[in-house]
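Asker: Take this structure, written in structure tokens, and hold onto it; I'll ask about it next.
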Amino acid sequence: MSEGQSDELRVAVLGVGKMGSFHVDSLTRRTRGARVSVVSDCSDEQAHRVADPVGARVVAEPAEAVTADDVDAVVIASPGTAHESQILACLEAGKPVLCEKPLTTEAATAAAVYRRETALGRRLVQVGFMRRFDHEYAALQQMIAGGELGAPLMLHCTHRNPAVPEFFDSEYMIRDSVVHEADSARFLLGEEIAAVSVVRGRPTAAAPAGVSDPMLVLFEAASGALVTIEIFVRTGIAYEVRTEVVAEHGSAIIGLDQNVVAKRVGGTWGGTITPDFVARFGQAYDDQMQRWADAARRGIATGGDAVDGPGTWDGYAAAAICEAGVAAVVKGERIETGMEDPSGASGATGDRSGASGATGDDS
Ligand SMILES: NC(=O)c1ccc[n+]([C@@H]2O[C@H](COP(=O)([O-])OP(=O)(O)OC[C@H]3O[C@@H](n4cnc5c(N)ncnc54)[C@H](O)[C@@H]3O)[C@@H](O)[C@H]2O)c1
């Protein structure tokens, strides 16, 4: 923080719909050393609804919010199509940013953002792959990395939503939902994904015409380890995200909703399943915010890196995997991700990757 500024990190939040308003609440009520000073949303009414109760200013233009004097750092929660220009504005202003996934909507633009940040010589962009901050994912990653289970051979992932808007077609399911599995798989396996295949099965009657819901997605990791993903976004039940690793010496599973009270009522027994992603990952979103805010304050104070979690390389990798996934859906073929180091350095899956990084500072 420069001279004359308070110690508190003053944050602008761009886009205050479902995620952005959650982040405003998190920054206001559950994050130490940070507050929301500015809100910008293309709906003025929505901006005021979120900004006024927390005493933040509303600025109509996101670019103006980024450069404002009372803004030290930025949270981007606008739709993915707006991310590229808003991140580039933050890099231009030298301000730390926590950007919701996706980093950008195409691998080429994500690579360009990675290159732009690399040229600055300082990491300023954290991508909101919040599962890395979830206690279960973090424990599973540590268990795998610690070698207790032996080499991981397969991951079996389940991603089910109770319902989604009509526009969620097969390609959107890859870009919006499977993108989380793309980052989780890289995080858990500690390596890059080399190829993606998709099998479109029998659709649920709840799916609009032409939409394959559910689908089975297969990632092939660079080592040959396999990742199966059931993506089913219209179950009508609840939000269910499970991951099982099958390794040489054992297996482990997360996401079983074990922390709930099992009721015995009216001749039946059971508990509730988390209704939505905020309920399931609330702790992860809040921990992500605290660690980002701490890293942003450190980065501002030292002029160094301002990130503690997945960064632009991880955003690029997820974009490349999703692009291959969408092509696999459209063409019905196995598609290689063709990931290259966009900085031009050798080693497509080399040490720039955050794949093996824990939630810490090496990703
Ligand atoms: N990490 C997660 O688990 C998770 C979950 C949901 C959404 N997301 C991501 O968060 C982002 C927002 O999703 P959402 O569900 O909150 O969407 P939303 O539609 O609820 O909210 C988006 C908000 O951004 C505003 N907006 C639109 N264009 C804008 C622009 N150019 N500049 C500023 N504001 C703009 C809209 O008016 C709206 O208020 C997306 O990138 C989405 O992929 C992440």
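Asker: Just to be sure before I move on: is GLU191 assigned to a loop (DSSP other than H, G, I, E, B) and either at pLDDT 95 or above or of a type in the set (Asp, Glu) (or both) in the structure I sent?
Answerer: Yes: the conditions hold for GLU191.
Asker: Could you count how many residues in segment 203-220 are over 18 Å from GLU166 (Cα atoms) and either buried (at least 23 other Cβ atoms within 10 Å of the Cβ) or of a type in the set (Lys, Arg) (or both)?
Answerer: Pass one, segment 203-220, residues over 18 Å from GLU166 (Cα atoms): 216-220.
Now restrict to residues that are either buried (at least 23 other Cβ atoms within 10 Å of the Cβ) or of a type in the set (Lys, Arg) (or both): 217, 219.
Count: 2.
Asker: Only one residue in ARG160, ARG131 is within 11 Å of the ligand (Cβ to nearest atom) and of a type in the set (Lys, Arg). Which one?
Answerer: Checking each option against the conditions leaves just ARG131.
Asker: Looking only at segment 75-88, how many residues end up being away from the ligand (no atom under 11 Å from the Cβ) and closer than 14 Å to GLU61 by Cβ?
Answerer: Of the residues in segment 75-88, 0 are away from the ligand (no atom under 11 Å from the Cβ) and closer than 14 Å to GLU61 by Cβ.
Asker: Only one residue in GLY332, GLY282, GLY315, GLY325 is among the small types (Gly, Ala, Ser) and free of Cβ contacts under 8 Å to residues at least 60 places away in the same chain. Which one?
Answerer: On inspection, the qualifying residue turns out to be GLY282.
Asker: A further question follows. Being touching a Gly at 6+ places or on another chain (Cβ under 6 Å) and within 20 Å of GLU191 (Cα to Cα) is the requirement here; does ALA247 meet it? Steps first, please.
Answerer: Values: touching a Gly at 6+ places or on another chain (Cβ under 6 Å): yes; within 20 Å of GLU191 (Cα to Cα): yes.
Answer is yes for this residue.
Asker: Within the group THR272, THR235, which residue is without any contact (Cβ under 8 Å) to a residue 60 or more places away in the chain and within 27 Å of PRO165 (Cα to Cα)?
Answerer: Just one listed residue meets the conditions, THR272.
Asker: Same structure, new question: From (1) under 16 Å from the mean Cα position of the chain (by Cα); (2) surrounded by fewer than 24 Cβ atoms within 10 Å (Cβ to Cβ), pick out the condition that doesn't hold for LEU103.
Answerer: The one condition LEU103 does not meet is (2).
Asker: If GLU166 satisfies all but one of (1) surrounded by 15 or more Cβ atoms within 10 Å (Cβ to Cβ); (2) assigned to a loop (DSSP other than H, G, I, E, B); (3) within 15 Å of the ligand (Cβ to nearest atom); (4) among the acidic types (Asp, Glu), what's the number of the condition it fails?
Answerer: (1)
Asker: Just a yes or no: is a residue in segment 123-138 farther than 18 Å from ALA182 by Cα, crowded, with 22+ Cβ neighbours inside 10 Å, touching a residue at least 24 places away in the same chain (Cβ under 8 Å) and not aliphatic (A, V, I, L, M)?
Answerer: Looking through segment 123-138, none of the residues is farther than 18 Å from ALA182 by Cα, crowded, with 22+ Cβ neighbours inside 10 Å, touching a residue at least 24 places away in the same chain (Cβ under 8 Å) and not aliphatic (A, V, I, L, M).
Asker: Exactly one of these conditions fails for TYR114: (1) over 19 Å from VAL233 (Cβ atoms); (2) within 15 Å of the ligand (Cβ to nearest atom); (3) among the aromatic types (Phe, Trp, Tyr). Give me its number.
Answerer: (2)
Asker: Can you work out which of the residues in segment 260-290 that are more than 15 Å from the ligand (Cβ to nearest atom) and either of a type in the set (A, V, I, L, M) or within 23 Å of ALA138 (Cβ to Cβ) (or both) is modelled with the lowest pLDDT?
Answerer: Filtering first and then ranking leaves VAL260.
Conditions (1) assigned by TED's automatic domain parsing to the domain that holds ALA112; (2) over 16 Å from CYS99 (Cα atoms); (3) part of a helix (DSSP H, G or I), marked per residue:
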| position | (1), (2), (3) |
| --- | --- |
| ILE273 | no, yes, no |
| GLN288 | yes, no, yes |
| ARG291 | yes, no, yes |
| ARG297 | yes, yes, yes |
| ASP305 | yes, no, no |
| GLY325 | no, yes, yes |
| GLU333 | no, yes, no |
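The values are calculated or read from the model by the stated rules, or taken from the named source; none is laboratory data. Computed from a prediction, not measured in an experiment: that's the story for all the values here. Here Cβ is always computed from backbone atoms with ideal geometry, including for glycine, and neighbour counts include all displayed protein chains.
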